[in-house]
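Here's the structure, in structure tokens; my notes come after.
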Amino acid sequence: MEEARTERYVRQVGGELVSSVIARSKPIRVELLSRTSRPRMNWHFRQPELTLFWFRNGCSQLRATINGRPVESEFSEAANLALFPAGTEIEGEWSVGPAFDYVVVFLDPKFVQSRLNGVIERPALAFGHDQLCRGLAELSQEAATPDNLFDLFAEGWASQALAHIARLSRGAEQPKPLSRGGLPALKLRRIEEFVRANLGEAISLSVLSDVAGLSKRHFLRAFQESTGTSPHRYVLDLRIDQAKRRLGETDDSVTSIALASGFSHAQHFSSTFRQATGMSPSLFRQQCRA
């Protein structure tokens, strides 16, 4: 007599958990997570739900196997989503900064089954999708402080997100870092390299549009379509990301890190850093070295 197969689920993540916010509703469970880690972090994941990851910052490369097949993917500001169908097993290693933030959305299997005729079977790594990213940003805000309308919001969000995911899985929408009318991947990479190389300097919209070879108006529209954020927010996020790395890896003073990251003074840096991470630079450094 053949023995019934026992499903094995696992969720192992390296590094240290700094903060965790979890919000639940019938169709989804949302987790807002911040971790610290050494440059290499092991990851083993297999869960019974369709799962969408949004790697907001700090995760750059994944070398792993998915259901036994080797994969290697580069993540970036423009390609920071990953989708894993129910039961998909991922085991491998991340290249990460000393600190990174990400959002995980688990979609309830009964909800998925009730909304779709078919099954999502194909995983997707390091892709961009404007509508999903905008929706995830709004979902994260709602999940951080859920009220008595969160269930209503979550159900609407889940239905819309599932439609996008189903189209991606069926090939009706191609997972790609740019929406129509956005910046070509080469120009987007050139901008990212320029910003990272000049974080300590004043970076204006005129300068970025010159790097892209576009008028300011065209550049602003194309950039927002490509990344789902404004150039100002994009530069600010990269500055915070660099500051996180330096706080975790060096003994430089907060003031010197602030100036090197492009902030005019330490007070502005501290207030901006607290808004972005929920903690002061000094406390963040302590967490990294605890």
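Residues are listed down the side, and each one gets a yes or a no for (1) polar (S, T, N, Q); (2) closer than 23 Å to Phe269 by Cβ:
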{"position": "Leu183", "(1), (2)": "no, no"}
{"position": "Arg189", "(1), (2)": "no, no"}
{"position": "Ile203", "(1), (2)": "no, yes"}
{"position": "Val211", "(1), (2)": "no, no"}
{"position": "Leu214", "(1), (2)": "no, no"}
{"position": "Gln224", "(1), (2)": "yes, no"}
**Prompt:** Tally time: how many residues in region 19-40 are crowded, with 19+ Cβ neighbours inside 10 Å and closer than 24 Å to Gly248 by Cβ?
**Reply:** 5
**Message:** Of everything in region 43-76, what is touching a strand residue (DSSP E or B) at 6+ places or on another chain (Cβ under 8 Å), of a type in the set (Lys, Arg) and surrounded by fewer than 15 Cβ atoms within 10 Å (Cβ to Cβ)? Give them in sequence order.
**Reply:** Arg63
**Asked** List, please: which pairs have Cβ atoms under 6 Å, are six or more places apart or on different chains, and start with a residue in region 81-108 that is more than 23 Å from Ala23 (Cβ to Cβ) and of a type in the set (A, V, I, L, M, F, W, C) and end with one that is open to solvent by 10 Å² or more (accessible area, probe 1.4 Å) and not in a strand (DSSP E or B)?
**Response** Val96/Ser37
**Request:** Pick out the one residue from Arg35, Arg24, Arg40 that is touching a residue at least 60 places away in the same chain (Cβ under 8 Å) and touching a strand residue (DSSP E or B) at 6+ places or on another chain (Cβ under 9 Å).
**Result:** Arg35
**Message:** Please go through region 81-121 and give me each residue that is open to solvent by 10 Å² or more (accessible area, probe 1.4 Å) and under 30 Å from Gln242 (Cβ atoms), ordered by number.
**Reply:** Gly92, Glu93, Ser95, Val96, Gly97, Pro98, Asp101, Tyr102
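Okay, residues lined up against (1) touching a residue at least 24 places away in the same chain (Cβ under 8 Å); (2) over 25 Å from Asp130 (Cα atoms); (3) among the small types (Gly, Ala, Ser):
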| position | (1), (2), (3) |
| --- | --- |
| Tyr234 | yes, no, no |
| Ala243 | yes, yes, yes |
| Thr250 | no, yes, no |
| Ser253 | no, yes, yes |
| Ser261 | yes, yes, yes |
| Phe269 | yes, yes, no |
| Pro281 | yes, yes, no |
| Cys288 | yes, yes, no |
**Item:** Hey, Asp252 among the charged types (D, E, K, R) and at pLDDT 90 or above or not
**Value:** yes
**Prompt:** Does region 58-73 contain at least one residue that is among the polar types (S, T, N, Q) and under 21 Å from Glu138 (Cβ atoms)?
**Reply:** no
**Request:** Find the residue count for region 122-139, including only residues that are aliphatic (A, V, I, L, M), open to solvent by 20 Å² or more (accessible area, probe 1.4 Å) and in a helix (DSSP H, G or I).
**Result:** 1
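The values are calculated or read from the model by the stated rules, or taken from the named source; none is laboratory data. Note that the structure is predicted; figures quoted are calculated from it, not measured. FYI the Cβ positions are ideal-geometry reconstructions off the backbone, even for glycines, and counts take in every protein chain you see. Just so you know, the surface numbers come from the protein's heavy atoms only, side chains and all, with ligands and any DNA or RNA stripped out. Shrake-Rupley method; radii C 1.70, N 1.55, O 1.52, S 1.80 Å.
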